[in-house]
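Written out below as structure tokens is the structure these notes cover.
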Amino acid sequence: MLARMSSEPEQQIGVGSPDAFQRLWTPHRMAYIQGENKPSGPGAGDGCPFCAIPAKSDEDGLVIARGELVYAVLNLYPYNGGHLMVVPFRHVADYTDLTDQETVELGDYTKRAMKALRAASGAQGFNIGMNQGDVAGAGIAAHLHQHIVPRWGGDTNFMPVVGHTKVLPQLLADTRRMLAEKWPAGA
């Protein structure tokens, strides 16, 4: 594939003057941009993907590990390779609505995710957090989910800063398998 690439600008009819930019096409992102698979409402029966994932196989749902009250799953639209989420099985929107047991297991799975990401990929740091509500940037506000994003020195380069594009070096299925193999056993 790389053998066919050229550093010469390519003229495309109807798109203006040629330039020196290479194009990185990511058509799969259009599903996210257009809100595909977003719930139609706030209820568990309104098409919530976080309620549907547990019924799938681990491979099909990109589930890394399942607990009694929460599960860990890869993000379909990751900020970095290995970006995963810890999600309660119960359809609940707000962190304050979690039971004490759910809060404990969510915290435990966050710690396990960090350990698995360090073991599998040598992550040097993490961004961990939740966006509570639409106005706070939650993509799916109706079902609580905590993001665990691994970070490495130098992982922010010109692509996301200038091009608003993330280059991911591994397929999600391969990342899921790698993290599931490194997932720490219970305490």
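The values are calculated or read from the model by the stated rules, or taken from the named source; none is laboratory data. All values reported here derive from a predicted model rather than from experimental measurement. All Cβ positions, glycine included, derive from the backbone under ideal geometry; neighbour counts span all protein chains shown. Protein only, heavy atoms only, side chains kept; ligands, DNA and RNA dropped before computing areas. Shrake-Rupley method; radii C 1.70, N 1.55, O 1.52, S 1.80 Å.
Below, the figures for the structure above:
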{"quantity": "Long-range neighbours under 9 Å by Cβ, at least six apart or interchain, first residue in contact (Cβ under 8 Å) with a residue 24 or more places away in the chain and more than 9 Å from Val73 (Cβ to Cβ) within segment 50-61, second open to solvent by 100 Å² or more (accessible area, probe 1.4 Å) and assigned to a helix (DSSP H, G or I)", "calculated": "Glu59/Arg177"}
{"quantity": "Unmet criterion (only one of (1) outside any helix (DSSP H, G or I); (2) surrounded by 18 or more Cβ atoms within 10 Å (Cβ to Cβ); (3) of a type outside the set (S, T, N, Q)) for Tyr77", "calculated": "(2)"}
{"quantity": "Subset of segment 132-147 (residues that are assigned to a loop (DSSP other than H, G, I, E, B) and under 22 Å from Gly81 (Cβ atoms))", "calculated": "Gly137, Gly139, Ile140, His145"}
{"quantity": "Close pairs from segment 139-153: first buried (at least 21 other Cβ atoms within 10 Å of the Cβ), partner acidic (Asp, Glu) and outside any strand (DSSP E or B), Cβ under 7 Å, at least 6 apart", "calculated": "Leu144/Asp94"}
{"quantity": "Answer residue from segment 154-187, given it is assigned to a helix (DSSP H, G or I) and at pLDDT below 65 and is most open to solvent (accessible area, probe 1.4 Å) among those", "calculated": "Phe158"}
{"quantity": "Residue within segment 80-90 that is touching a residue at least 40 places away in the same chain (Cβ under 8 Å), in contact with an Asp or Glu (Cβ under 7 Å, 6 or more places away or on another chain) and either among the aromatic types (Phe, Trp, Tyr) or open to solvent by less than 60 Å² (accessible area, probe 1.4 Å) (or both) present", "calculated": "yes"}
{"quantity": "When residues of segment 100-131 are limited to those that are touching a strand residue (DSSP E or B) at 6+ places or on another chain (Cβ under 7 Å) and assigned to a loop (DSSP other than H, G, I, E, B), the one surrounded by the fewest Cβ atoms within 10 Å (Cβ to Cβ)", "calculated": "Gln124"}
{"quantity": "Residue in segment 39-53 that is open to solvent by 70 Å² or more (accessible area, probe 1.4 Å), modelled with pLDDT of 85 or more and farther than 30 Å from Gly153 by Cβ present", "calculated": "no"}
{"quantity": "Any chance Leu24 is of a type outside the set (Ser, Thr, Tyr), touching a Phe, Trp or Tyr at 6+ places or on another chain (Cβ under 8 Å) and either exposed (fewer than 10 other Cβ atoms within 10 Å of the Cβ) or at pLDDT below 95 (or both)", "calculated": "no"}
